[in-house]
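Following: one structure in structure tokens, then a few remarks.
The values are calculated or read from the model by the stated rules, or taken from the named source; none is laboratory data. These figures come from a predicted structure and were not determined experimentally. Just the protein is used for accessible areas: all its heavy atoms, side chains included, with ligands, DNA and RNA removed. Shrake-Rupley method; radii C 1.70, N 1.55, O 1.52, S 1.80 Å.
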Amino acid sequence: MTKNSEYSSARGFRVHSYAREDATVMECHGKLTAENAPLLKSEVREMIPNHRRIILDLKEVPLMDSSGLGTIVGLYVSARTCPCAFELMNANQQIRELFGISNLLSLFEPAGRHGGRMV
């Protein structure tokens, strides 16, 4: 059974979710900033207890600020306590640099020890 859902903010940020055989994918579209981070947080956090693996696809996210970073790290911590694997994919160079500057890239490296991953 495949379920597709889409959620939007007033600022044009969208989150589209769909089920794959092995995970739930949350596709983000738009800038992940302080105005839009609460939407991502609320939509993903409610899915964590009911899923074994969530992949956050950042392919359509051109920019992320510190609020977006904090939201992703908070979701990672929430997922880890369930346990639910929480992974990132398709992060652009700016997002990777933001994780690197804040010493958080290791949480999402492919060899991550705690169930996180950045592909």
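Summary of computed values
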item: Area of Arg14 that stays accessible when all protein chains are in place (1.4 Å probe, Å², to 10); result: 80 Å²
item: Cα gyration tensor shape for the range 48-104, rounded if a/c is under 1.5, else prolate or oblate; result: prolate
item: Other-chain or far-sequence residues with amide H under 5 Å of Leu56's (modelled H); result: Met26, Glu87, Leu88, Met89
